[in-house]
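Following: one structure in structure tokens, then a few remarks.
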Number of protein chains: 4
Amino acid sequence: MQDVLNEIARAMAAETERGKVADYIPELAHVDPQKFAISLATVEGARYSAGCATTPFSIQSISKVFTLTIALGKMGDALWSNVGREPSGDPFNSIVQLEHEGGKPRNPFINAGAIAVVDAIMMGHEPKETLAELLSFVRYIADDDSICFDHTVAASEMAHRDRNASLAHFMKAFGRLRHDVDKVLGTYFHQCAIAMSCQQLAHAGLFLASDGVNQPSNIRVVSPQRARRINSLMMMCGHYDASGEFAFRVGLPGKSGVGGGILAIAPGQGAIAVWSPGLDEYGNSLLGTKALEMFVQRTGWSVFGH
Amino acid sequence: MQDVLNEIARAMAAETERGKVADYIPELAHVDPQKFAISLATVEGARYSAGCATTPFSIQSISKVFTLTIALGKMGDALWSNVGREPSGDPFNSIVQLEHEGGKPRNPFINAGAIAVVDAIMMGHEPKETLAELLSFVRYIADDDSICFDHTVAASEMAHRDRNASLAHFMKAFGRLRHDVDKVLGTYFHQCAIAMSCQQLAHAGLFLASDGVNQPSNIRVVSPQRARRINSLMMMCGHYDASGEFAFRVGLPGKSGVGGGILAIAPGQGAIAVWSPGLDEYGNSLLGTKALEMFVQRTGWSVFGH
Amino acid sequence: MQDVLNEIARAMAAETERGKVADYIPELAHVDPQKFAISLATVEGARYSAGCATTPFSIQSISKVFTLTIALGKMGDALWSNVGREPSGDPFNSIVQLEHEGGKPRNPFINAGAIAVVDAIMMGHEPKETLAELLSFVRYIADDDSICFDHTVAASEMAHRDRNASLAHFMKAFGRLRHDVDKVLGTYFHQCAIAMSCQQLAHAGLFLASDGVNQPSNIRVVSPQRARRINSLMMMCGHYDASGEFAFRVGLPGKSGVGGGILAIAPGQGAIAVWSPGLDEYGNSLLGTKALEMFVQRTGWSVFGH
Amino acid sequence: MQDVLNEIARAMAAETERGKVADYIPELAHVDPQKFAISLATVEGARYSAGCATTPFSIQSISKVFTLTIALGKMGDALWSNVGREPSGDPFNSIVQLEHEGGKPRNPFINAGAIAVVDAIMMGHEPKETLAELLSFVRYIADDDSICFDHTVAASEMAHRDRNASLAHFMKAFGRLRHDVDKVLGTYFHQCAIAMSCQQLAHAGLFLASDGVNQPSNIRVVSPQRARRINSLMMMCGHYDASGEFAFRVGLPGKSGVGGGILAIAPGQGAIAVWSPGLDEYGNSLLGTKALEMFVQRTGWSVFGH
């Protein structure tokens, strides 16, 4: 397996078309587009990595998987009264669908949906408390207390919040948010500004590959049914309006972030994290997707057949 | 396994909320809503059934899986220049997306996309020839030469073709169809009017569960990669704007038809066909979905974890 | 007044940017873009013209004013149950609004609305009879029995009918049309293929400028209220999604056609017809609009102030 | 003329279906739905009123006519680079069109457009200064220094700003606003919270009826061309997605406010202000529209013919 990852890292290093690094905030724009990392955590407890797999990067929207997990733990199916679970067919920051459907976001992974999930887990608490809880959870499932928020990134996102503020105020106008818009956004941007390495991320996602049980600690994070359902949401909506493309090419539940990371889940096998900062036109890591495609070809771990 | 199917059939027989039988053509409206059937064909060659599993019904949109398979065989990836592969987020007969995207349908399973696929496989031939080819293929993969078109259903669909005619003319206006609109529609309605039983349908779909190889005959229908890709499309788009819901509840690639049938694929395990004529608000079989949900709970065959 | 028209004709002859002649059918594509004509018919019975004002051209969508007048005469306000009277904000051939609003077109001047109006006036008759009635009406209000359909244009439109066929089948699917789609379209394309000169057109439109009374014959065509209402519809919707621009620049009720003609109404003053085949990006005559803008500057006949 | 207004006031007093008073902020919800007023200011300098024509009410969106006038005075046609001038076909607070058209609002009278106009006139100044300028202008054209903002209404609007905040942040994200969103909104809500009586409003609007000249003072406010253009915008967009209906029934340029007021302009004749707090389903005064319809029937002042 280590050979597979090494081969992928070599192939990706040779790629010249590396996509476009996100540039809407300076903190992301300055990331080196040559970076590449891939890590695998298997359900048997093995760990494999290639590339700069211990370098932390901004996980951005990948964090939505973790807040969704927390929200389902707190509220269960009540969450679905304010968030849908269908692919949106629209870009991650589209507001059109909100207007057509009474301010209810299509799924928890488009920005509007993730903001609604943050509002749901706040439950009257201050951003600080909610963020502490979130960080504890991420450190717990990654089994690593060194994981932190990047406050500079969060502050920069807040300063460029207009598109997301538009989504949040829109939902607030329809009674879909209970907390102050700026507090929800502040929490949301910190959540997105969690910095993790591929090694940490693969470890953190492993419970989704092993029916809800964290490995090798063998502690249950969620029920098997909930793990399946989160995986289904990642498959259907994890790459916004390119989710079909990811399913077609890779065939694994996955969640991308604008920082260039992707977390993919191979149920019964393991969790794979990749990182390459350059994005495709849909805002998903160009080489990250390519690396996962290659990984699945080598391993036969697609959920759709060997 | 037979016990599982029997249990499901008993549970479904006891359901009083059975959905609404499609009534836009009289031929479908007259089907008995009490009917229920389920069949499983496994990759090892076993066959299990419960309910009226040898009664033919109108497979309708399930046929889109078979024409897609033929089209990919004829054209390969060239097909994707005129059809996308993303979930649409819209109902099966929506035209809004077509106008926003230059007449190119989002995926091959919404009506517009399926009509474009039919146009692609016609390749200058007359409807009669194309239909003969289609029927041969379906009989071949089902290993059953008794399968036929229901010409009464096809004629009735043609008489009520306005919504689909609107889609077809729209695509034609954008140069997305090469053949005469009425000929394409005539072919399309015959395709949808194939009558099959659950036993036949499960058999016909088995190649998708076994990496492209028809069982027990062991004849390759498509490559493993193509089988995976068709499965991914069924997962992402097979239930229109309720595909997310199906993935969330059932967790298998599936394709529904307005006749009340659903074909679901459990990669590496088998193909399952269910039939219950009553539909939910999205046009998918109400009890068919429920039966599949129960089946996956019993078998643990979800692609997203046991 | 003759001097004003002469000055306008001279100015337009000097223009080098003349727009793009409609080219979706060959019959329109071959019209000479250098052609220009303007005619004025005043409520006092005076007639003024400049340019090739006796050359017939395809009036296309200008005809929608005449069929609307006939429809209101036959059905009165019952017409509005199947056609709205609001600006659409969309291009003339958009279908998006139809899907969002149950197949009911926003107004009688977008293509969908005009097709619904044609269906309304057919009242069970054959296209031939409806067309005879329409031609009689146009000849009557233009006081000129030489006006004819251009059957070659009509046949060519029919052969390129896909976009309009899509609209018609969509409305038919929602029960908005009572007649056979192809018969309605055949009638519609003949209506659009009426050939008239600017002199004939100005004369034909005069009843709208003089409270519903045809001049100089002094015969009432419609009530004063109906004339006002038709004018309001021309103002609000007569130039599709550039109606605001026309109101801003010209300030008169007007209806354009893709043949390059525009009929404008100055209530209490007269009817003005212009013709220049080159179109702007919205499908309205580029120089025709410019000529009318100049005309209103010279005469002060804007309805919005001198 | 006084008899006409008296007759209208009597007729409106007798109406039992009075619409629904706006209730999104308590300050508007508490207004007595029985109130009715109508005032006419003629270009000859005459004044007529009936009902409680000296009672101030919240003019709300009618104020958009005045800020548009100021903006055109400051920037001229440069304003149109960030605001369109077409009917939107959507409700006053819709955001869909913004997403489809790069954050550029369709016209200056929908909320998004009016917010963009406020941003345009701020020109780097603080809200206080901009508001002082606006109030001076309104007092000047109404010739009445007693006109004031209702700060309670403005504060309440600010507290319920989510829908408008969504629009503003969306435009800000597309670079359409130059100032801080909350400052722009604070200014906008104060603008809408101007309290005026029908007498004051008719007087203030008179320059639009008399080619830009304030009467009886004979001082030019805008050029004749600008007056015409503002009138055209009121006609095309002044009643949001019911502008066509207003043109059809009333036939005058008009601008409504959610406080129940309407300002209508009869070019060359006079300005008419009406007030009745109950609204129709589009957010326009139900009896205000009815009163204007009756007024035009009696006077024959429709711009579309007598």
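The values are calculated or read from the model by the stated rules, or taken from the named source; none is laboratory data. The structure presented is a predicted model; accordingly, all values stated were derived computationally and were not measured. Using ideal geometry, Cβ is built from the backbone for each residue, glycine included, and neighbour counts are taken over all protein chains shown. Quick note on the areas: whole protein, heavy atoms, side chains included, nothing else; ligands and nucleic acids left out. Shrake-Rupley method; radii C 1.70, N 1.55, O 1.52, S 1.80 Å.
Working ranking of peptides B:84-91, C:134-141, D:93-100 by packing, defined as the average number of other Cβ atoms within 10 Å per residue, highest first, is B:84-91, D:93-100, C:134-141. Here region D:138-188 and region A:124-180 have alpha carbon centers that stand 29 Å from each other. Take the convex hull of the alpha carbons in the protein assembly as shown; its mean projected area over all directions comes to 47.3 nm². Dividing the convex hull volume of the alpha-carbon atoms in region D:118-227 by its residue count gives 119 Å³ per residue. In order along region C:49-58, the Karplus-derived 3J(HN,Hα) couplings, from 6.51 cos²θ - 1.76 cosθ + 1.60 at θ = phi - 60°, round to 8, 8, x, 7, 6, 9, 7, x, 9, 7 Hz, and Gly and Pro are given as x. Taking amide hydrogens as placed 1.01 Å from N in the peptide plane, the amide H of D:C148 sits under 5 Å from those of D:A195, each at least 5 positions away in sequence or on another chain. For chain C, modelled as a GNM whose springs connect Cα atoms under 10 angstrom apart, the maximal fluctuation among C:G261, C:G278, C:G186 occurs at C:G186. Mind pulling the angle between the C-alpha long axis of helix C:63-75 and the longest principal axis of chain C? Nearest 10 degrees, somewhere in 0 to 90. It is inclined by approximately 60 degrees. Near the amide H of D:N214, within less than 5 Å, lie the amide hydrogens of D:I219, D:R220, D:V221, all on another chain or at least 5 residues away, with H placed in the peptide plane.
Computed from backbone phi, the HN-Hα couplings of region D:179-190 come to 9, 4, 4, 5, 5, 5, 5, x, 5, 4, 5, 5 Hz, rounded to whole numbers (Karplus: 6.51 cos²θ - 1.76 cosθ + 1.60, θ = phi - 60°; Gly and Pro given as x).
Relative to the dominant Cα principal axis of chain D, helix D:162-173 is inclined by about 50°. For chain D, the relative contact order comes to 27 percent (Cα pairs under 8 Å, sequence separation of at least 6). Each copy carries C:D77; placing its label point 7 Å along the C-beta direction from Cα gives inter-copy distances of 4.2, 5.0, 6.2 nm, listed from smallest up. Which pairs break 21 Å Cα to Cα here: D:K64/D:K183; A:K64/A:K128; B:K172/C:K35; B:K20/C:K104; B:K35/B:K290? Among D:K64/D:K183; A:K64/A:K128; B:K172/C:K35; B:K20/C:K104; B:K35/B:K290, the Cα-Cα distance tops 21 Å for B:K172/C:K35; B:K20/C:K104.
Looking down the axis that turns chain B into chain D, the chain B residue with its beta carbon nearest that axis, and the gap rounded to whole angstrom, comes out as B:H100, 4. Note on C:Y48: accessible area approximately 70 square angstrom, rounded to 10, probe 1.4 Å, nucleic acids and ligands left out. Taking B:I219, B:I62, B:I147 as the candidate residues, the one with maximal mean-square fluctuation in a Gaussian network model of chain B, Cα springs under 10 Å, is B:I219.
Against chain B, whose longest principal axis comes from its Cα atoms, helix B:111-122 is set at around 70 degrees.
B:E27 contributes about 60 Å² of solvent-accessible surface, heavy atoms of the protein only, 1.4 Å probe.
Looking at chain A, the pairs of alpha carbons with a distance over 34 Å make up 13% of the total.
For region C:91-160, the Kirkwood estimate of hydrodynamic radius, built from reciprocal distances between every pair of different alpha carbons, is 14.1 Å. In vacuo Debye scattering of region D:62-192, one point per C-alpha: log10 I(q)/I(0) at q = 0.15, 0.16, 0.23 Å⁻¹? Summing over Cα pairs of region D:62-192 leads to -0.65, -0.75, -1.51.
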